[in-house]
Amino acid sequence: MRTKTIFILILTMLLSTSIVMSVACGGGDDDDDDSSSSGDDDDDDDAVSTDPVLKGHVRDFQTKTPVQNAKVEVLNDETGEVLDDALTISATPGDGAVEWDLSGYDVETVGIRVTKAGEFTDTVQFHFEVGLTDEEFLLVSNATRDLIEAVTGILLDTSKSVVAGGIYWGDAVDENPLGCAVAEVEGFTGEMHYFGPDALPALSRDVTGATPGNGQGTNLARATSDNQALSYYIAANVDPTLTDDGDINLNGTVYDDPCNGTADAAKAESDVVPKLYVNTVSIANVYFSKEDYPESPTPSWCTSTVGNSGAC
(Lines give C-alpha, C1' and ligand atoms only; values in the text may rest on other atoms or scores of the structure.)
Protein backbone atom coordinates (compact mmCIF):
# COMPACT_ATOMS: atom_id res chain seq x y z
CA MET A 1 0.00 0.00 0.00
CA ARG A 2 2.32 2.60 -1.06
CA THR A 3 1.96 6.09 0.20
CA LYS A 4 2.57 8.33 -2.68
CA THR A 5 2.69 9.53 -0.04
CA ILE A 6 3.68 12.99 2.30
CA PHE A 7 5.84 13.62 3.83
CA ILE A 8 6.39 15.41 1.34
CA LEU A 9 8.76 17.61 2.86
CA ILE A 10 11.05 19.98 1.17
CA LEU A 11 13.58 21.69 -1.04
CA THR A 12 15.68 24.08 -2.98
CA MET A 13 14.25 25.77 -6.03
CA LEU A 14 16.15 23.29 -8.20
CA LEU A 15 14.85 20.30 -6.24
CA SER A 16 11.51 21.72 -5.17
CA THR A 17 9.43 19.75 -7.65
CA SER A 18 10.96 16.41 -6.69
CA ILE A 19 10.40 17.21 -3.05
CA VAL A 20 6.76 17.94 -3.37
CA MET A 21 6.27 14.63 -5.09
CA SER A 22 8.26 12.98 -2.33
CA VAL A 23 6.16 14.46 0.40
CA ALA A 24 3.30 12.80 -1.22
CA CYS A 25 4.96 9.53 -0.59
CA GLY A 26 4.17 7.60 2.49
CA GLY A 27 3.62 4.12 3.76
CA GLY A 28 2.11 1.89 1.21
CA ASP A 29 2.23 3.90 -1.97
CA ASP A 30 4.51 4.98 -4.71
CA ASP A 31 5.39 8.39 -5.89
CA ASP A 32 5.32 8.35 -9.65
CA ASP A 33 2.24 10.46 -10.23
CA ASP A 34 2.40 12.57 -13.31
CA SER A 35 0.25 15.61 -14.01
CA SER A 36 -2.53 13.68 -15.72
CA SER A 37 -6.10 14.33 -14.64
CA SER A 38 -6.30 10.99 -12.86
CA GLY A 39 -3.81 12.15 -10.29
CA ASP A 40 -2.33 8.64 -10.14
CA ASP A 41 -0.21 6.78 -12.62
CA ASP A 42 1.29 3.99 -10.60
CA ASP A 43 2.34 1.19 -12.86
CA ASP A 44 2.81 -1.23 -10.01
CA ASP A 45 -0.55 -1.06 -8.26
CA ASP A 46 -1.15 -4.70 -9.22
CA ALA A 47 2.19 -5.83 -7.74
CA VAL A 48 0.39 -7.94 -5.15
CA SER A 49 1.11 -11.46 -4.00
CA THR A 50 -1.29 -13.86 -2.33
CA ASP A 51 1.66 -15.00 -0.21
CA PRO A 52 2.33 -13.25 3.14
CA VAL A 53 5.33 -11.34 1.84
CA LEU A 54 6.40 -7.72 1.62
CA LYS A 55 8.98 -6.61 -0.92
CA GLY A 56 10.42 -3.33 -2.10
CA HIS A 57 13.41 -1.02 -2.18
CA VAL A 58 14.93 1.42 0.28
CA ARG A 59 15.35 4.78 -1.43
CA ASP A 60 16.46 8.30 -0.61
CA PHE A 61 13.34 10.34 0.07
CA GLN A 62 14.38 13.19 -2.20
CA THR A 63 16.50 11.67 -4.95
CA LYS A 64 14.82 8.24 -5.06
CA THR A 65 18.21 6.58 -5.46
CA PRO A 66 18.74 3.22 -3.68
CA VAL A 67 20.32 3.41 -0.23
CA GLN A 68 22.94 0.84 0.67
CA ASN A 69 23.88 -0.27 4.21
CA ALA A 70 20.68 0.99 5.79
CA LYS A 71 19.03 -0.81 8.70
CA VAL A 72 15.38 -1.74 8.12
CA GLU A 73 12.99 -2.80 10.88
CA VAL A 74 9.46 -4.17 10.58
CA LEU A 75 7.08 -2.54 13.06
CA ASN A 76 3.83 -3.67 14.61
CA ASP A 77 1.30 -1.49 12.79
CA GLU A 78 -0.84 -1.09 15.91
CA THR A 79 1.80 -0.32 18.55
CA GLY A 80 4.70 1.01 16.51
CA GLU A 81 7.09 -1.34 18.31
CA VAL A 82 9.48 -3.70 16.50
CA LEU A 83 7.45 -6.71 15.37
CA ASP A 84 10.33 -9.17 15.66
CA ASP A 85 14.07 -8.53 15.82
CA ALA A 86 14.54 -11.58 13.61
CA LEU A 87 12.92 -9.61 10.75
CA THR A 88 15.43 -6.76 10.97
CA ILE A 89 17.71 -6.27 7.96
CA SER A 90 20.99 -4.91 9.28
CA ALA A 91 22.40 -3.66 5.97
CA THR A 92 20.62 -3.16 2.65
CA PRO A 93 22.39 -4.22 -0.58
CA GLY A 94 23.51 -1.84 -3.28
CA ASP A 95 20.17 -1.81 -5.04
CA GLY A 96 18.29 -1.27 -1.77
CA ALA A 97 16.14 -4.37 -2.33
CA VAL A 98 14.50 -5.87 0.76
CA GLU A 99 11.87 -8.51 1.37
CA TRP A 100 10.24 -10.36 4.23
CA ASP A 101 8.31 -13.61 4.62
CA LEU A 102 5.64 -12.72 7.17
CA SER A 103 4.03 -16.13 7.37
CA GLY A 104 3.62 -17.02 11.02
CA TYR A 105 2.77 -13.42 11.89
CA ASP A 106 -0.92 -12.66 12.22
CA VAL A 107 -0.71 -9.23 10.58
CA GLU A 108 -2.33 -7.64 7.54
CA THR A 109 -0.31 -4.41 7.65
CA VAL A 110 3.05 -3.40 9.09
CA GLY A 111 5.17 -0.32 9.59
CA ILE A 112 8.73 0.11 8.33
CA ARG A 113 11.53 2.08 10.00
CA VAL A 114 14.70 2.83 8.02
CA THR A 115 17.85 4.19 9.64
CA LYS A 116 21.42 4.95 8.58
CA ALA A 117 23.68 6.84 10.94
CA GLY A 118 25.64 9.83 9.75
CA GLU A 119 23.95 10.82 6.50
CA PHE A 120 20.27 10.28 7.16
CA THR A 121 17.43 10.99 9.60
CA ASP A 122 15.42 8.01 10.82
CA THR A 123 12.25 7.65 8.73
CA VAL A 124 9.05 5.73 9.50
CA GLN A 125 6.06 4.78 7.36
CA PHE A 126 3.07 2.80 8.60
CA HIS A 127 0.27 0.77 7.00
CA PHE A 128 2.10 -1.25 4.35
CA GLU A 129 -0.21 -4.06 3.27
CA VAL A 130 1.25 -7.54 3.50
CA GLY A 131 1.30 -9.05 0.01
CA LEU A 132 2.62 -6.01 -1.84
CA THR A 133 5.79 -6.64 -3.78
CA ASP A 134 7.03 -3.33 -5.18
CA GLU A 135 7.06 -0.79 -2.36
CA GLU A 136 9.31 2.18 -1.64
CA PHE A 137 10.69 2.45 1.88
CA LEU A 138 11.96 6.00 2.21
CA LEU A 139 14.86 7.51 4.12
CA VAL A 140 15.21 11.28 4.59
CA SER A 141 18.75 12.59 4.21
CA ASN A 142 20.25 15.10 6.62
CA ALA A 143 20.64 17.44 3.65
CA THR A 144 16.85 17.40 3.15
CA ARG A 145 16.37 17.93 6.87
CA ASP A 146 18.66 20.98 6.72
CA LEU A 147 16.66 22.24 3.78
CA ILE A 148 13.45 21.99 5.81
CA GLU A 149 15.00 24.27 8.39
CA ALA A 150 16.19 26.74 5.75
CA VAL A 151 12.82 26.94 3.99
CA THR A 152 10.54 27.03 7.03
CA GLY A 153 12.80 29.01 9.33
CA ILE A 154 12.17 26.44 12.05
CA LEU A 155 15.06 24.95 13.98
CA LEU A 156 14.29 21.24 14.18
CA ASP A 157 14.55 19.94 17.74
CA THR A 158 16.28 16.55 17.75
CA SER A 159 14.19 15.54 20.77
CA LYS A 160 11.00 15.99 18.71
CA SER A 161 9.40 14.42 15.63
CA VAL A 162 8.51 15.61 12.14
CA VAL A 163 5.21 14.46 10.60
CA ALA A 164 4.53 15.03 6.91
CA GLY A 165 2.31 13.72 4.14
CA GLY A 166 -0.71 14.48 2.02
CA ILE A 167 -4.49 14.30 1.84
CA TYR A 168 -5.93 12.22 -1.00
CA TRP A 169 -9.15 11.07 -2.62
CA GLY A 170 -8.89 7.31 -3.15
CA ASP A 171 -6.60 4.95 -1.30
CA ALA A 172 -2.95 4.05 -0.95
CA VAL A 173 -2.72 2.54 -4.44
CA ASP A 174 -5.01 5.08 -6.10
CA GLU A 175 -3.92 8.46 -4.78
CA ASN A 176 -5.65 11.47 -6.31
CA PRO A 177 -4.53 14.74 -4.71
CA LEU A 178 -7.34 16.47 -2.85
CA GLY A 179 -7.37 20.26 -2.85
CA CYS A 180 -8.37 22.75 -0.18
CA ALA A 181 -8.07 20.51 2.84
CA VAL A 182 -6.71 21.09 6.32
CA ALA A 183 -4.35 18.63 8.03
CA GLU A 184 -4.26 18.27 11.81
CA VAL A 185 -1.93 16.13 13.91
CA GLU A 186 -3.88 15.34 17.08
CA GLY A 187 -2.35 17.09 20.08
CA PHE A 188 0.07 19.19 18.03
CA THR A 189 -0.30 22.88 18.87
CA GLY A 190 2.41 24.24 16.59
CA GLU A 191 1.96 25.74 13.16
CA MET A 192 1.29 23.58 10.13
CA HIS A 193 3.12 24.33 6.89
CA TYR A 194 1.64 23.56 3.45
CA PHE A 195 3.22 23.49 0.03
CA GLY A 196 2.37 26.46 -2.13
CA PRO A 197 2.65 27.40 -5.82
CA ASP A 198 6.44 27.63 -5.53
CA ALA A 199 6.51 23.99 -4.37
CA LEU A 200 7.90 25.06 -1.02
CA PRO A 201 6.31 24.80 2.44
CA ALA A 202 4.89 27.97 3.96
CA LEU A 203 2.56 29.06 6.75
CA SER A 204 0.29 31.04 4.46
CA ARG A 205 -2.10 29.10 2.25
CA ASP A 206 -3.15 32.16 0.28
CA VAL A 207 -2.13 32.02 -3.36
CA THR A 208 -1.91 35.22 -5.35
CA GLY A 209 -2.60 35.35 -9.05
CA ALA A 210 -5.40 33.92 -11.16
CA THR A 211 -3.79 30.63 -12.14
CA PRO A 212 -0.84 29.64 -9.94
CA GLY A 213 1.31 27.09 -11.71
CA ASN A 214 1.42 24.64 -8.83
CA GLY A 215 -1.06 26.05 -6.35
CA GLN A 216 -2.65 24.30 -3.43
CA GLY A 217 -6.07 25.74 -4.03
CA THR A 218 -6.71 26.96 -0.52
CA ASN A 219 -8.91 29.61 1.03
CA LEU A 220 -8.58 32.88 -0.89
CA ALA A 221 -6.92 30.92 -3.66
CA ARG A 222 -7.41 28.92 -6.81
CA ALA A 223 -5.46 26.13 -8.43
CA THR A 224 -5.23 25.29 -12.10
CA SER A 225 -6.50 21.72 -12.04
CA ASP A 226 -7.41 18.87 -9.72
CA ASN A 227 -3.98 17.32 -9.78
CA GLN A 228 -2.41 20.64 -8.85
CA ALA A 229 -4.73 21.40 -5.92
CA LEU A 230 -2.56 19.55 -3.47
CA SER A 231 -2.93 19.44 0.30
CA TYR A 232 0.60 18.45 1.25
CA TYR A 233 1.60 19.32 4.79
CA ILE A 234 4.49 19.24 7.25
CA ALA A 235 4.34 19.54 11.04
CA ALA A 236 7.73 20.20 12.64
CA ASN A 237 8.78 19.63 16.24
CA VAL A 238 5.88 17.39 17.20
CA ASP A 239 6.16 16.07 20.76
CA PRO A 240 6.75 12.28 20.51
CA THR A 241 5.24 11.78 23.97
CA LEU A 242 1.83 12.41 22.37
CA THR A 243 1.75 8.69 21.59
CA ASP A 244 2.95 7.53 25.02
CA ASP A 245 -0.61 6.57 25.96
CA GLY A 246 -1.54 5.15 22.56
CA ASP A 247 -1.94 6.17 18.94
CA ILE A 248 -3.05 9.58 17.73
CA ASN A 249 -5.05 10.67 14.71
CA LEU A 250 -3.94 12.53 11.64
CA ASN A 251 -7.09 14.37 10.57
CA GLY A 252 -7.97 15.78 7.16
CA THR A 253 -10.91 18.16 6.69
CA VAL A 254 -12.04 19.93 3.53
CA TYR A 255 -12.57 23.71 3.52
CA ASP A 256 -16.24 24.66 3.18
CA ASP A 257 -15.77 28.27 2.08
CA PRO A 258 -13.24 30.00 -0.16
CA CYS A 259 -13.09 33.10 2.02
CA ASN A 260 -13.33 32.44 5.73
CA GLY A 261 -11.08 29.42 6.04
CA THR A 262 -13.62 27.30 7.92
CA ALA A 263 -13.75 23.53 7.47
CA ASP A 264 -16.65 21.25 6.59
CA ALA A 265 -17.10 18.75 9.43
CA ALA A 266 -19.13 16.53 7.10
CA LYS A 267 -16.04 16.03 4.94
CA ALA A 268 -13.48 14.77 7.42
CA GLU A 269 -11.38 11.61 7.55
CA SER A 270 -8.56 10.36 9.76
CA ASP A 271 -5.60 8.03 9.75
CA VAL A 272 -3.90 6.53 12.79
CA VAL A 273 -0.31 7.28 13.74
CA PRO A 274 0.58 4.44 16.13
CA LYS A 275 3.78 5.94 17.50
CA LEU A 276 6.04 8.95 17.18
CA TYR A 277 9.79 8.70 17.63
CA VAL A 278 12.51 11.13 18.72
CA ASN A 279 14.46 12.76 15.88
CA THR A 280 12.46 10.88 13.27
CA VAL A 281 10.41 11.79 10.20
CA SER A 282 7.04 10.02 10.11
CA ILE A 283 5.26 10.01 6.75
CA ALA A 284 1.46 9.77 7.09
CA ASN A 285 -1.45 10.36 4.69
CA VAL A 286 -5.22 10.75 4.97
CA TYR A 287 -7.55 9.14 2.42
CA PHE A 288 -11.10 10.04 1.42
CA SER A 289 -12.22 6.71 -0.05
CA LYS A 290 -14.06 6.54 -3.36
CA GLU A 291 -16.57 4.24 -1.73
CA ASP A 292 -17.60 6.96 0.71
CA TYR A 293 -16.97 9.82 -1.73
CA PRO A 294 -17.93 8.79 -5.31
CA GLU A 295 -16.73 12.20 -6.48
CA SER A 296 -13.69 14.09 -5.28
CA PRO A 297 -14.42 16.18 -2.16
CA THR A 298 -12.28 18.96 -3.62
CA PRO A 299 -14.55 22.06 -3.68
CA SER A 300 -15.33 23.42 -7.14
CA TRP A 301 -14.03 26.86 -6.21
CA CYS A 302 -10.73 25.29 -5.24
CA THR A 303 -9.77 24.35 -8.78
CA SER A 304 -11.32 27.29 -10.58
CA THR A 305 -8.98 28.94 -13.06
CA VAL A 306 -10.81 32.21 -12.64
CA GLY A 307 -8.67 33.96 -9.98
CA ASN A 308 -9.82 35.08 -6.59
CA SER A 309 -10.51 38.67 -7.48
CA GLY A 310 -13.89 39.65 -6.12
CA ALA A 311 -14.63 36.16 -4.85
CA CYS A 312 -14.76 37.20 -1.22
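The values are calculated or read from the model by the stated rules, or taken from the named source; none is laboratory data. Only a predicted model underlies this, so the values are computations on that prediction, with no experimental measurement involved. Reconstructed Cβ throughout: ideal geometry from the backbone, glycine too, with neighbour counts over all protein chains shown. In case anyone asks, the SASA skips ligands and DNA or RNA and just uses the protein heavy atoms, side chains included. Shrake-Rupley method; radii C 1.70, N 1.55, O 1.52, S 1.80 Å.
Just a few scattered comments:
- In segment 82-112, the residues that are among the β-branched types (Val, Ile, Thr), surrounded by 21 or more Cβ atoms within 10 Å (Cβ to Cβ) and within 28 Å of THR241 (Cβ to Cβ): VAL110, ILE112
- Single condition THR280 does not satisfy, out of (1) of a type outside the set (A, V, I, L, M); (2) at pLDDT 95 or above; (3) touching a Gly at 6+ places or on another chain (Cβ under 6 Å): (3)
- Condition broken by CYS180, with the remaining ones in (1) open to solvent by less than 10 Å² (accessible area, probe 1.4 Å); (2) at pLDDT below 55; (3) of a type in the set (A, V, I, L, M, F, W, C) satisfied: (2)
- If the condition is being of a type outside the set (Gly, Ala, Ser) and buried (at least 24 other Cβ atoms within 10 Å of the Cβ), then segment 149-168 contributes VAL162, VAL163, ILE167, TYR168.
- Test: SER309 is small (Gly, Ala, Ser), at pLDDT 75 or above and not in a strand (DSSP E or B): no
- Selection of first residues in segment 92-104 that are over 13 Å from GLY56 (Cα atoms) and in contact (Cβ under 8 Å) with a residue 40 or more places away in the chain and of second residues that are surrounded by fewer than 14 Cβ atoms within 10 Å (Cβ to Cβ) and of a type outside the set (A, V, I, L, M), restricted to Cβ pairs under 8 Å at least 6 apart or on distinct chains, gives the following pairs, ordered by first then second residue: SER103/ASP51.
- In segment 71-81, the condition of being open to solvent by 50 Å² or more (accessible area, probe 1.4 Å) and either modelled with pLDDT under 95 or at positive phi (or both) is met by no residue.
- Check on ALA150, part of a loop (DSSP other than H, G, I, E, B), free of Cβ contacts under 8 Å to residues at least 24 places away in the same chain and either out of contact with any Ser or Thr (no Cβ under 7 Å at 6 or more places or on another chain) or among the β-branched types (Val, Ile, Thr) (or both): no
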